[in-house]
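Bear in mind these aren't lab numbers, they're just calculated from the coordinates by the rules spelled out. The model shown is predicted, which means the values in this text are computed figures rather than measured ones.
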Amino acid sequence: MNVTELPIFKLMGRRMDWLTERQKVLAQNIANSDTPNYRPHDLKPMAFDDLVRFSRDGVARRLSPERTDASHFGHSGAQGDRIREAVQDKTYETNLSGNAVVIEEQLMKVGETDMQYQIATNLYRKYLGLFRTALGRGGMSG
């Protein structure tokens, strides 16, 4: 059995994928900080329901409430991979060339994303250590 195929590891992997993708978008914003009329972008925030859409086999599945009674309200959730959807960032200031990238703001987001990635990596490492301990293959390190 490969423990990395367990749902908790898949969820953490999905989060790390989102954080990696966000770093790419932020790097693109910084690289275009001198491009006329460029607007910064960011990924849509990753919500818990985005994580639970993935089943054990890693295939995206939409969890929908089941209507078991005629008096229950229906559900019409939006479909699609909302995790990867890039959205235009709010612009707080624009320079004379029309560029709306604020380097300080982008660097703060890069730092925040890096911190979140480190947290996810540490959680991944801790869970792996717990499984190793349970299987008698060595203790947790770090």
- State the extension gain, in nm to one decimal, for the chain segment bounded by His41 and Gln28, taking 0.36 nm per residue of separation less the distance between their alpha-carbons. 3.8 nm
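So how much slack lies between Ile119 and Asn2, counting 0.36 nm per residue of separation and subtracting their Cα-Cα distance, in nm? Mind dumping the intermediate values first?
Values: separation 117, 0.36 × 117 = 42.12 nm, distance 2.25 nm.
Net length gain for the segment: 39.9 nm.
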- Task: List the lysines whose Cα lies under 20 Å from the Cα of Lys126, skipping any in the same chain that are fewer than 8 positions away.
- Result: Lys10
